[in-house]
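The values are calculated or read from the model by the stated rules, or taken from the named source; none is laboratory data. On a predicted model such as this, the values are computed, not experimentally measured, just so you know. Please note: Cβ atoms are built from the backbone with ideal geometry, for glycine as well, and neighbour counts cover all protein chains shown.
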Amino acid sequence: MISNKMLTQGKTIKKVTQSGSKRHIDQLVVEKETAIFLNNVFMLSLNHTSQLEKEMAVGCLIANNKIGFKVDSVSYANHEVHIEANELCLNPIKQAGFMKPIASNIFQLTAYFQEAAILYKKTAITESAAIGSENNLLFSAEDMDQKTALFKVIGAYLIKHQTAMKGKSLLLSSRVTAELMAVIIRCGFSLVITRTAPTNQALEIAQAHNVSLVGFARGRKFNWYY
């Protein structure tokens, strides 16, 4: 049985415990492959969950420093996303100053973030990303890895606003690496909130660009790296 627009498929399994075994329907993530074209030139293909294909493609090109914040058009058909945009490289954005984390806002954002992780609750294998403003969640997405989930929310924001993410918070479900932080500072995020922790190199990059970083944000607690 396929559910939620091809996001998962039910499979019969045998659950085995010390006391015995029983049949059970387990939900598995459905993967699909999408090819991304920029100005009619093939760029790459991505495997991902079956949602937000256009947003993922735009975010992927931003993350790979192929386009700027303005997208002229984006379309999806037959497992292909076609994007029309100027090809240019984005420079890292240094914030004017550190955004001080407000505890009440972070508690609210992380609560919304957890509620939005519907696919994870069904399959236990996905990662999540979201963009917040103060205590409101603007965009959220899940996928099989952190980078692809990040692509989706960046693309969703860019398609709607066509501008950098200054003053916005980025929420991530996994560790923050130097590779991810390089993307984050090019996009202009002011605050990064993760359920786990940053690497030392990621923290150094964040601090050099005045990006505030919060880790182990779970429930009503978090660590502020400063």
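All but one of (1) closer than 23 Å to GLY97 by Cβ; (2) assigned to a helix (DSSP H, G or I); (3) touching a helix residue (DSSP H, G or I) at 6+ places or on another chain (Cβ under 9 Å); (4) not basic (Lys, Arg) hold for LEU150; state the number of the condition that does not hold.
(1)
Between a first residue in segment 85-102 that is in the same structural domain as GLN162 (by TED's automatic domain parsing) and a second residue that is at pLDDT below 95 and part of a strand (DSSP E or B), which pairs have beta carbons less than 7 Å apart while being 6 or more apart in sequence or on different chains?
none
Kindly provide the set of residues from segment 109-147 that are among the hydroxyl-bearing types (Ser, Thr, Tyr) and touching a helix residue (DSSP H, G or I) at 6+ places or on another chain (Cβ under 6 Å), ordered by number.
Scanning segment 109-147 gives THR126, SER128, SER140.
With within 20 Å of ILE131 (Cα to Cα) and within 19 Å of the chain's Cα centre (by Cα) as the only criterion, which of GLY68, GLY97 stands out? Show your work before the answer.
Values: GLY97 fails: within 19 Å of the chain's Cα centre (by Cα).
The match here is GLY68.
Considering only residues of segment 150-161 that are buried (at least 24 other Cβ atoms within 10 Å of the Cβ) and aliphatic (A, V, I, L, M), which is nearest to SER140 (Cα to Cα)?
Only one residue fits best here, namely VAL153.
Can you tell me which residue is modelled with the lowest pLDDT among those in segment 1-26 that are within 23 Å of HIS79 (Cβ to Cβ) and surrounded by 11 or more Cβ atoms within 10 Å (Cβ to Cβ)?
ILE2
Here are some residues: HIS48, HIS79. Which one is over 26 Å from THR194 (Cβ atoms) and not assigned by TED's automatic domain parsing to the domain that holds LEU119?
The match here is HIS79.
Quick test for you: out of LEU44, LEU61, pick the one residue that is under 20 Å from the mean Cα position of the chain (by Cα) and assigned to a strand (DSSP E or B). Full working, then the answer.
Details: LEU61 fails: assigned to a strand (DSSP E or B).
Of the residues listed, the single one that is under 20 Å from the mean Cα position of the chain (by Cα) and assigned to a strand (DSSP E or B) is LEU44.
Return the residue satisfying two criteria in turn: it lies in segment 117-160 and is among the polar types (S, T, N, Q) and under 12 Å from the mean Cα position of the chain (by Cα), and of such residues it is nearest to LYS54 (Cα to Cα).
Restricting to residues being among the polar types (S, T, N, Q) and under 12 Å from the mean Cα position of the chain (by Cα), the top hit is THR148.
Out of all the residues in segment 27-50, which are under 11 Å from THR148 (Cβ atoms) and crowded, with 16+ Cβ neighbours inside 10 Å?
Across segment 27-50, the qualifying residues are THR34, LEU46, HIS48, THR49.
Would you mind stating whether PHE69 is modelled with pLDDT of 95 or more, more than 16 Å from GLU142 (Cβ to Cβ) and part of a loop (DSSP other than H, G, I, E, B)?
Details: modelled with pLDDT of 95 or more: yes; more than 16 Å from GLU142 (Cβ to Cβ): yes; part of a loop (DSSP other than H, G, I, E, B): yes.
For PHE69, the condition - modelled with pLDDT of 95 or more, more than 16 Å from GLU142 (Cβ to Cβ) and part of a loop (DSSP other than H, G, I, E, B) - is met.
Run CYS89 past the list (1) in contact with a helix residue (DSSP H, G or I) (Cβ under 8 Å, 6 or more places away or on another chain); (2) part of a loop (DSSP other than H, G, I, E, B) and report the number of the one that doesn't hold.
All conditions pass for CYS89, except number (1).
Which is out of contact with any Asp or Glu (no Cβ under 9 Å at 6 or more places or on another chain), assigned by TED's automatic domain parsing to the domain that holds ARG218, surrounded by fewer than 17 Cβ atoms within 10 Å (Cβ to Cβ) and among the hydrophobic types (A, V, I, L, M, F, W, C), of ALA164, ALA124, ALA130, ALA178?
On inspection, the qualifying residue turns out to be ALA124.
Is it the case that segment 102-111 has a residue that's touching a Phe, Trp or Tyr at 6+ places or on another chain (Cβ under 9 Å) and among the polar types (S, T, N, Q)?
yes
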